[in-house]
Amino acid sequence: MAAGHTGAGHTAGGRVAGLAAWAHGLRLADCPEEVVSLARAQRRSVLGAIAASAHDPASQRVLRAVRANASSGPVPLPDGGEGVSVEDALYLLAAWSAALDFDDYCCFAHTGHSAVLVPLLLASVTGASGSDQLVAQIAANEVAARIGGACLLGPQNGQLWSFVHAAGAAVAAGLLLGCSEAELAHGLAIALAQPPRATVAGFMEPDSKLLIASEPILMGLRAARLAKVGLTGPLGALDDGPHGFLPAFAAAPLPGMLLANLGRGWATATLCVKAYPGCAYLDTALDALLSLPLDGPEKIASIEVAAGATTTGMDALSRPYLPGAGSTPTPVTVSFSLPWSIALATVAGRLTPEEISPSWMESHSDLLHRIVQRIQLVHDPGATATALAAFGALAPMDLVRKEAGLMGLARVGSALRRSGTAMGLGEILPRGLDDLRASRRLAGQVLARPLLRDRSTEFYDPKAIETFRMSFPARVTVRHEDGSISSAEVTVPRGAAGCTDPGGGAEVVSREKLATWGPFLWGRAGTERIVSALDVDESRCWELLGEVSSS
């Protein structure tokens, strides 16, 4: 860490200026080796997700639209045609990166779509070195994740925090465009001036889900370019007041998330790379299921999944978008439906982009529908308590209560009861006497967790990050027709921060993802060239994205 390069002392010009000052001064030597290594893993993950989506029908529709209207430029698209502008390439590749929800995420945001792709592709016109691209990526991760964390107690969660891509893109682009510290601050402020607000209906079923990062990324890129020529934005956007950014996106903002331990407690160090296409809240249930001996789907009488509030809340949100009897859901909806994802894995013995394709689901429709009817998801208060304890290490409850205040927490409860979208907690809020008793039991379990008895006293405490575990506990119990029962429980998914499986870290899973799915798009030789280029921080990796396989 370079001397003095922390978040402290950068608040005089407001929080936007503080974030910009830190990002502008960041150098690769300031970043711990673990953070740099995880940034490389994130690049592999994003490119692996892009390749895995190449045959997805909705992804192909986006490709046709972009190609039909693209401007000529330096970046090759993965269709073997002429090069297009950075903007057109960003729009397409961000859509492919998000298409199957086969992405990666930090605590608290899915930052990879913008953090990786903006510096990777913008280097085609700026000539940025591989090292400078990594610095821009890490800076974008840190700023975007902290903005997401400041909006933790609100009506949206996860990828629905699409505004983080406008912010991350503005930071990454501003750095590669050579913005001054003041220009970088105004670029971030412009990106936050008219931020996007995603809707559940646009995310849970239709093709529009693919655009969750594409539109905000272009906003952020334009914001940086506008600031570079002198346009200004609201530098007080992240400061206190009723008309700023935070009250618009959080019932109880947590502004302390923005600058605390900046440059010491790294959000990038919490990177998780998904091993399956689908929402992160499914991963532990899939890990548990696939660890069991499954002797044919027809021999299964029932499957019970006991999981925390994030999983039950996610599944509840997806239910209205599931099709009627006899029809299969879209690949988008499958990504958020626990019964359908578990059914696919049960029938296929795995869950990959091949199984969530419309053609595969249609060809196995009857069996899938029978298995779906045998799957039950139940809320496990202990799983919720474990997850809350883990996240409480980075967002200590005492600090949350202090920043949110009693009125803020009351607004959060009201918002959750109305929507149930934030962290899935709407599923477990008390609505009657029985629910109230259950909530009290949950509170007792949460307070009994060691992490909350010996909790940290700062947001993004560096020591807490060192031991952080991305905990989404799930227990899967399979009852077979012969009366036998098998069960497995997983707390931290493969590829996630804190996974203790020697073959389950982000580094390993990201390499598996790119090696497995890269050939879908670039062939075996093309994928190997991309892997080699990423490993040595090659500055012109963007050139390799057009090496489309003829097989």
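The values are calculated or read from the model by the stated rules, or taken from the named source; none is laboratory data. All figures in this text were calculated on a predicted structure; none of them were measured in a lab. Here Cβ is always computed from backbone atoms with ideal geometry, including for glycine, and neighbour counts include all displayed protein chains.
Being modelled with pLDDT under 95 and either in contact with a Lys or Arg (Cβ under 8 Å, 6 or more places away or on another chain) or crowded, with 20+ Cβ neighbours inside 10 Å (or both) is the requirement here; does residue 173 meet it? When the stated conditions are applied, residue 173 does not pass them.
So that you can scan it fast, the table gives a plain yes or no per residue for (1) closer than 18 Å to residue 306 by Cα; (2) in contact (Cβ under 8 Å) with a residue 12 or more places away in the chain; (3) not in a loop (DSSP other than H, G, I, E, B); (4) not polar (S, T, N, Q):
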position	(1), (2), (3), (4)
342	yes, yes, yes, yes
352	no, yes, no, no
386	yes, yes, yes, no
391	no, yes, yes, yes
395	no, yes, no, yes
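Taken across the stretch 511-525, residues that are in a loop (DSSP other than H, G, I, E, B) and either under 21 Å from residue 310 (Cβ atoms) or not aromatic (Phe, Trp, Tyr) (or both) do not occur at all. Of all residues in the stretch 472-490, those that are buried (at least 23 other Cβ atoms within 10 Å of the Cβ) and assigned to a loop (DSSP other than H, G, I, E, B) total 2. So which of 539, 549, 532 is among the small types (Gly, Ala, Ser), assigned to a loop (DSSP other than H, G, I, E, B) and free of Cβ contacts under 8 Å to residues at least 40 places away in the same chain? Result: 549 is the single residue among 539, 549, 532 that is among the small types (Gly, Ala, Ser), assigned to a loop (DSSP other than H, G, I, E, B) and free of Cβ contacts under 8 Å to residues at least 40 places away in the same chain. Restricting the stretch 405-420 to residues that are touching a helix residue (DSSP H, G or I) at 6+ places or on another chain (Cβ under 7 Å) and of a type in the set (Gly, Ala, Ser), which is modelled with the highest pLDDT? Among residues in the stretch 405-420 that are touching a helix residue (DSSP H, G or I) at 6+ places or on another chain (Cβ under 7 Å) and of a type in the set (Gly, Ala, Ser), the one modelled with the highest pLDDT is 419.
Checking the stretch 152-164 against the condition returns a match, with at least one residue being under 27 Å from residue 405 (Cα atoms), β-branched (Val, Ile, Thr), outside any loop (DSSP other than H, G, I, E, B) and in contact with a helix residue (DSSP H, G or I) (Cβ under 6 Å, 6 or more places away or on another chain).
Filtering the stretch 219-233 to residues that are within 27 Å of the chain's Cα centre (by Cα) and surrounded by fewer than 20 Cβ atoms within 10 Å (Cβ to Cβ) leaves 222, 225. Within the stretch 254-304, the set of residues being assigned to a strand (DSSP E or B) and without any contact (Cβ under 8 Å) to a residue 24 or more places away in the chain is empty. If you check 124, 208 for being touching a Pro at 6+ places or on another chain (Cβ under 6 Å), assigned to a helix (DSSP H, G or I) and more than 25 Å from residue 261 (Cβ to Cβ), only one passes: 124. Here residue 149 meets the list (1) surrounded by fewer than 24 Cβ atoms within 10 Å (Cβ to Cβ); (2) in contact with a Phe, Trp or Tyr (Cβ under 6 Å, 6 or more places away or on another chain); (3) in a helix (DSSP H, G or I) almost entirely, failing just condition (1).
Would you mind listing the helices (runs of 4 or more DSSP H) fully within the stretch 10-78 where at least 2 residues are closer than 21 Å to residue 209 by Cβ?
Fully inside the stretch 10-78 and qualifying: 33-52, 57-69.
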